[in-house]
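Participant: Below you will find the structure I want to go over with you.
Quick note: the coordinates plus some simple rules give every number you see, no bench work behind them. What you see is a predicted model, and the numbers here were worked out from it, not measured in a lab.
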Amino acid sequence: VSDILALRSAKRRAEASSGNDTSDKTGTYASSNPNSNIQFSLKDRKMRNNPIPIYLCEIGGKIVVNITVDHMGRVKSTAINTAASSSTNECLTDHALEYAQKARFTSDASKSSQIGTVTFFFKGKN
């Protein structure tokens, strides 16, 4: 099973666009935590040195966080995108906001501010 999951993850990473949202693909930040996964959409940027989300909630779900990033790649604001998320569970949304705020991206001096998304997929315990 581990081999199959590793192949699937490698395939997803190969198909991802590393955040260049000129295509229909999104960037993927591969984590070693089997209970969570991150995807992001931020044109011409890559995610770097980000904490692996630690799953601390009883239920699972997809949480989409709208982010605003400065020219240095720091997240300056976050907000839950309730229309795109599959849950409004406070535990999930609180953790997603916390991890999104800590995310760092590559710098882009040509953009003083940029809007994107970070999507968290948390696996439920049941």
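Participant: Compute the separation of the alpha-carbon centres of segment 70-97 and segment 106-126 and state it in Å as a whole number.
Facilitator: 8 Å
Participant: Something else: Could you give the length gained by full extension between S112 and S86, i.e. 0.36 nm per residue of separation minus their alpha carbon distance, to one decimal place?
Facilitator: Result: 6.2 nm gained on full extension.
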